[in-house]
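This report concerns only the one structure given below.
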C-alpha cells in the first residue's frame, strides 16, 4: 500500500473524493497504520461519500477530508478596467477590449471642460449624471448637445458626440478621454431584503452593486444592496432633482449585512464638495428638504466593500513627507483619495494616465477642469501605494481612499 506524508492539518481540497490525490486501492485489512500527516484511500469505508474516499491521519484517528469549497479569486481585469481613448466627433465611437460588459462607466475629459459624466446599466443609456455638478439626470436636449454613452456592449461601450457643442463630454474630436469601467451584475433584479424594494445589479464576488430605489422620508427605512458583506462606501444621488452627492463611508452610517439604513444622524462626504465630513441626517439628504425624496423620485446608489486581492476601502493620516506607505494585498491600478478632516478635492490617480513609476497626474472628479499634475506623486507598489512627498499626503490630515487592482 502506498503512503504519502503531508503536513497536518491538510487543507485545500475541494471534496472528500478529490481525484488528484487518489492512492492505490486496497482493503481495510491492508490499510497502513496511522501516522500523523499520512493520507490514504479508504476503499472499505463509505462514510466519506465514496467507497474510495481519501482520509488523512491527524495523529490520533483517520479522518475524511471535509468539503472545503473556496471561491475563486477575483480577476481584476474581469471586473474593473481603465481605458484611454481619443474622441472622433462621430455619433458612434465604440470602445472595445475592456474585458467585460461594463455596468458603470465614469468618464473624464483629460483636456478639460467636461462635467465628469457617469452612466450605469441599471438606469440605462439615456440617463446621464455628472459628478462635477449637483444636477438631476440630464435631459435629452443636454445629451443631444453634450453627447452620451449610447450602449453597454459585451466587451466595452459606445460613445456619441454632441451636436455642435465645443465641450462634448464623451466624444469631441481630438480630445483625450479616460473611462473607468466597473462590472456589476448585468440586468438588475428585484431586491426585497429591505423595507423598501430596490432594483439591484450586484457583482457579489467583486464587492460592488448598483442600487435603484424610490425616495421617501420614512424613519428606519432599509434598502437591500445585494452584496454578501456590508458596504464600506456608498455614493448616492437623487436622480430626479438637483441635489448633492452624499458619500457614506464605514462608521458614518449603519450598514447591515444585506441592507443599508436611511435614518439617523450620520456623517457624510459630498462628492460635489471639497469639504470634509459633514454632520447631517441621511434622511434629509435622501428623503427630506434637500432632496425632496418623495416616492415619485428615484435614488441611485453605488455600493462598495473591500475584496481580498482586488479592492480596498480605507483611510490614512498623512505625514507631508516622502516614505508614507499604505499596505494592501495587491498592486493598485486605480486610486481615489479624499481628505475627510479638512477641505480637499476628490482626486483619482490611475496607471493609464500615469505610465511613469511616480504617478503625479490626477483628475478632480468633482470639478470641471483638465487633468492636473502634482508636485510630488504616488508609487503603485506590488503590495500597496506610497507617497513621494506632501501631495495627496498632507501632514496630519486624515483621508479616505478607494483602491482597485
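Quick notes on this one:
- Under the simplified labelling scheme, the residue 382-residue 75 pair shows an inter-label distance of 2.2 nm, with each label point 7 Å from Cα along Cα→Cβ.
- Translational diffusion of the range 305-354, µm² s⁻¹ [Kirkwood Rh, Cα pairs; Stokes-Einstein; 10 °C; 1.306 mPa s]: 126 µm²/s
- In range of the label at residue 395: residues from the range 322-347 whose backbone nitrogen is under 16 Å from the point 7 Å along Cα→Cβ: 322-324
- Placing a pseudo-label 7 Å from each Cα along the Cα-to-Cβ vector at residue 154 and residue 342 gives an inter-label distance of 5.3 nm.
- Simple spin-label estimate for residue 373 and residue 195 in nanometres, 7 Å along Cα-Cβ: 5.4 nm
Here, each number is a calculation from the coordinates, and none is a lab measurement. Just so it is clear, the structure is predicted and the values come from calculations on it, not from any experiment. Here Cβ is always computed from backbone atoms with ideal geometry, including for glycine, and neighbour counts include all displayed protein chains.
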